[in-house]
Amino acid sequence: MLIDSHCHLHDREFFTKEEAEQAIKKAAAADVTKIICIGTDPDDSEAARIFAEKHDNVFYTYGIHPSECQKFAVKKPISSNKLVAIGEIGLDYHYAPETREDQIKLFEELLQLATDKNLPVSFHIREAFDDFFGIIQNFPKIRGVVHSFSDSKKTLKRILNETDFYVGLNGLATYSTLPTPPLEKILLETDAPFLAPTPYRGTKNEPAYIKEIAGWLAEKTATTLDEVAKITSENVQNLFGI
């Protein structure tokens, strides 16, 4: 059993309704038994909720991506037993560092929402880890995953030593020199339609490709695909309760 802990299968900008349904079938054939659709703003999160509630094996999150910090205010998500986390939320200084203050304000509001609702968090952090570590110290009850980690060994060490967070590993790992977290801290994700793994790099990513990432990780860690599937799925279940 494999789980895609982070994708955007519900987003009609990337997947038509027919493509999404076909992707779910392909995922099941690849032993990907559960999928989490990630919200990036209130409207997108609502689309993720509707999509998740139509499929037994699909769950969703409520989030506002840091790039949307000047467009959206925090709203309380609709109560649903398919809501498993707040995310993706965080800080991204790569494209718009001038919005730093707005990003931090939004991030803190959403961390408070996660605390109030006792939900884990899917973090999007890019070129902003110094501020990230400072902010999360003020939210000691937060648990979560650093989605699509793409930083240094030094930063990874800080995550592992200073927090209890998991680390999201996706197709990037299969064609880069990124540091690999220990297996007991990894959540597998596709971030579909983005970041397709080798051998599908350059094509539209989808949840079925979790199996390719798991196979790469098994080889990297000198273990078996079954063991990778077991441990990473248990990690997802421990964090998100699915």
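The values are calculated or read from the model by the stated rules, or taken from the named source; none is laboratory data. As the structure is a prediction and not an experimental result, all values here were calculated from the model. We place every Cβ from the backbone using ideal geometry, glycine too, and count neighbours over all the protein chains shown. When the accessible area is computed, the model is the full protein with side chains, heavy atoms only, and any ligands, DNA or RNA have been set aside. Shrake-Rupley method; radii C 1.70, N 1.55, O 1.52, S 1.80 Å.
Quick notes on this one:
A quick yes/no check of all residues on (1) among the polar types (S, T, N, Q); (2) surrounded by fewer than 14 Cβ atoms within 10 Å (Cβ to Cβ):
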{"site": "Tyr60", "(1), (2)": "no, no"}
{"site": "Gly87", "(1), (2)": "no, no"}
{"site": "Tyr93", "(1), (2)": "no, no"}
{"site": "Ala96", "(1), (2)": "no, no"}
{"site": "Asp130", "(1), (2)": "no, yes"}
{"site": "Phe133", "(1), (2)": "no, no"}
{"site": "Arg143", "(1), (2)": "no, no"}
{"site": "Ser148", "(1), (2)": "yes, no"}
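Rundown of residues vs (1) farther than 24 Å from Asn235 by Cβ; (2) in contact with a helix residue (DSSP H, G or I) (Cβ under 9 Å, 6 or more places away or on another chain), yes/no style:
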{"position": "Ile50", "(1), (2)": "yes, no"}
{"position": "Asp56", "(1), (2)": "no, no"}
{"position": "Tyr62", "(1), (2)": "no, yes"}
{"position": "Ser67", "(1), (2)": "yes, yes"}
{"position": "Val74", "(1), (2)": "yes, yes"}
{"position": "Asp92", "(1), (2)": "yes, yes"}
{"position": "Leu106", "(1), (2)": "yes, yes"}
{"position": "Thr115", "(1), (2)": "no, no"}
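- Matching residues, the range 1-20, being open to solvent by less than 70 Å² (accessible area, probe 1.4 Å), out of contact with any His (no Cβ under 7 Å at 6 or more places or on another chain), over 22 Å from Val74 (Cα atoms) and in a loop (DSSP other than H, G, I, E, B): Leu9, Phe15, Thr16
- Restricting Lys157, Lys153, Lys82 to those that are buried (at least 20 other Cβ atoms within 10 Å of the Cβ), free of Cβ contacts under 8 Å to residues at least 40 places away in the same chain and on the phi < 0 side of the Ramachandran plot reduces the list to Lys82.
- Ala23 vs. criteria buried (at least 20 other Cβ atoms within 10 Å of the Cβ), at pLDDT 95 or above, hydrophobic (A, V, I, L, M, F, W, C) and not in a loop (DSSP other than H, G, I, E, B): yes
- Beta carbons closer than 6 Å, at least 6 apart along the sequence or on distinct chains, pair a first residue in the range 212-225 that is closer than 18 Å to Ala196 by Cα with a second that is surrounded by fewer than 14 Cβ atoms within 10 Å (Cβ to Cβ) for Ala218/Thr224.
- A count restricted to the range 106-150 and to residues that are polar (S, T, N, Q), farther than 28 Å from Gly171 by Cα and in contact (Cβ under 8 Å) with a residue 40 or more places away in the chain stands at 0.
- Scanning the range 38-76 for residues that are in contact with a Phe, Trp or Tyr (Cβ under 7 Å, 6 or more places away or on another chain), in a loop (DSSP other than H, G, I, E, B) and closer than 16 Å to Ala192 by Cα yields a single hit, Gly39.
- Residue check, Ala222 surrounded by 17 or more Cβ atoms within 10 Å (Cβ to Cβ) and of a type in the set (A, V, I, L, M, F, W, C): no
- For the range 102-109, the criterion of being under 18 Å from the mean Cα position of the chain (by Cα) and open to solvent by 20 Å² or more (accessible area, probe 1.4 Å) is satisfied by no residue at all.
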